[in-house]
1. Using only alpha carbons, build the gyration tensor for the range 223-319 and give me the equivalent ellipsoid semi-axes, biggest first, whole Å.
2. Note down the nm distance, to one decimal, between modelled labels 7 Å out along Cα→Cβ at residue 220 and at residue 102.
3. Could you give the length gained on full extension between residue 140 and residue 243, defined as 0.36 nm per residue of separation minus the Cα-Cα distance, in nm?
4. Provide 242, 98 in ascending order of the number of other Cβ atoms located within 10 Å of each residue's Cβ, fewest first.
5. For the pair residue 255 and residue 310, what calculated FRET efficiency results from E = 1/(1 + (r/R0)^6), where r is the Cβ-Cβ distance and R0 = 45 Å, to the nearest 0.05?
6. Mean 1/r over all different Cα pairs, inverted: what Kirkwood radius does the range 293-368 give, in Å?
7. Apply 1/(1 + (r/R0)^6) to the Cβ-Cβ distance of residue 116 and residue 210, taking R0 = 56 Å, and write down the FRET efficiency to the nearest 0.05.
8. On a 0 to 90 degree scale, rounded to 10, what angle separates helix 73-88 from the longest Cα axis of the chain?
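What follows draws every value from the coordinates through simple rules; no lab data is involved. What you see is a predicted model, and the numbers here were worked out from it, not measured in a lab. Heads up, the Cβs are rebuilt from the backbone with ideal geometry, glycines too, and the neighbour counts pull from every protein chain shown.
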Ligand code: ADP
């Protein structure tokens with residue numbers, strides 16, 4: 001699980017993601033709409049062109065453009081062929097040829113059976129002709145496609161000029177009608193795909209937003225709860241510790257065994273108070289922001305010398321050697337809140353001690369990057385499984401191996417390390433191999 005971004009950034013991530021998805025979704029929907037409608041129109045036009053090629057153009061010169069054509073064998077044969085086309089091709093509803101005389105378009109022949117209410121006899125004025133239909137004749141336009149409505153419905157129509165093969169004269173225009181609803185249905189179905197994908201991705205983002213917001217609220221609540229509970233528990237515990245101290249001073253009236261028992265009680269209580277202090281300090285860190293940092297120039301070498309000195313007793317007790325690597329030269333300085341930065345490295349070095357066996361070595365060093373210092377703390381301890389290497393920074397998390405080594409620990413130390421690093425425009429991460437050791441890195445900007 002990835003750590004949660006800060007509230008403000010978090011809002012912006014989602015805002016940018018939503019805008020991006022909307023932009024990409026709109027562009028791909030418009031593109032699909034255009035592409036599918038172009039393909040549908042081209043396909044219709046191609047079929048219309050093929051049909052036009054199949055029609056014997058020389059026959060037209062034999063038609064007179066009135067009812068007398070009904071007896072003309074060429075008309076009858078062409079009519080039969082036209083009638084068959086809508087029967088075999090269900091997408092096509094009407095095929096008709098019309099000519100132009102004395103400024104009016106008139107029907108030459110159509111694909112409707114004579115008994116159909118939609119049949120137009122030869123010579124009938126084509127009253128619904130659109131401007132484009134007229135222009136096909138008047139301006140001798142090339143094959144075109146239009147959407148038009150007439151008394152029979154709304155159509156996607158392919159218009160193909162038909163020329164006399166001998167004279168190349170424009171003798172007729174063939175119209176092939178496909179139901180506009182069918183055409184739009186296809187276009188809408190295809191366009192719905194990117195729209196649905198966009199809606200789905202948007203829904204995922206919104207659900208992610210709500211869940212992350214809830215998680216942030218929950219974490220805030222958890223930290224407040226810890227803070228309040230710790231305050232309430234620390235006060236009576238401190239009282240009990242003082243009492244134990246007082247009893248221990250009364251050496252005359254105590255048996256040796258009683259003294260030992262009370263010492264154990266006092267140690268346990270002090271351990272508890274230390275854990276609570278840890279939690280409270282963490283809760284306080286959560287509340288600080290960049291503005292409240294008291295920054296000064298910190299000499300890295302001196303800082304690490306001071307930390308190893310402070311921890312010298314534990315180092316000795318655990319027979320662990322500490323090395324400050326030569327890469328930390330006297331001139332390396334960082335700009336930061338001294339107490340916080342010190343606390344951050346104390347946490348890392350204390351962990352290195354806590355999770356190492358006796359006799360091991362801990363090394364503190366530095367790698368120089370272009371604009372940053374990357375400090376590292378290397379140990380030869382128990383290591384951290386890969387699956388836990390992110391979780392350990394999220395708070396209240398301890399690895400199974402760590403729990404076996406010691407009960408003491410809140411799992412919050414690294415969470416505060418991360419917060420302190422981020423407050424200083426830095427970051428923290430680790431590399432580790434189980435059973436071999438870990439390296440914790442802290443990147444901080446160079447001054
Ligand atoms: P804790 O109080 O448990 O030490 P931290 O937040 O400091 O809490 O560390 C979280 C967990 O990360 C530890 O419980 C341990 O599992 C793991 N961890 C931290 N530092 C080390 C280390 N140097 N080596 C191995 N495990 C570590």
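1. On the way: eigenvalues 231, 103, 21 Å².
Those come to 34, 23, 10 Å.
2. 8.5 nm
3. Working: separation 103, 0.36 × 103 = 37.08 nm, distance 11.04 nm.
Computed gain between residue 140 and residue 243 is 26.0 nm.
4. On the way: 242 12, 98 25.
Ranking 242, 98 by Cβ neighbours within 10 Å, fewest first, gives 242, 98.
5. Details: r = 37 Å, r/R0 = 0.82.
The computed FRET efficiency comes out at 0.75.
6. Details: mean 1/r = 0.0771 Å⁻¹.
Kirkwood hydrodynamic radius for the range 293-368: 13.0 Å.
7. Numbers: r = 59 Å, r/R0 = 1.06.
After rounding, the FRET efficiency stands at 0.40.
8. It is inclined by approximately 20 degrees.
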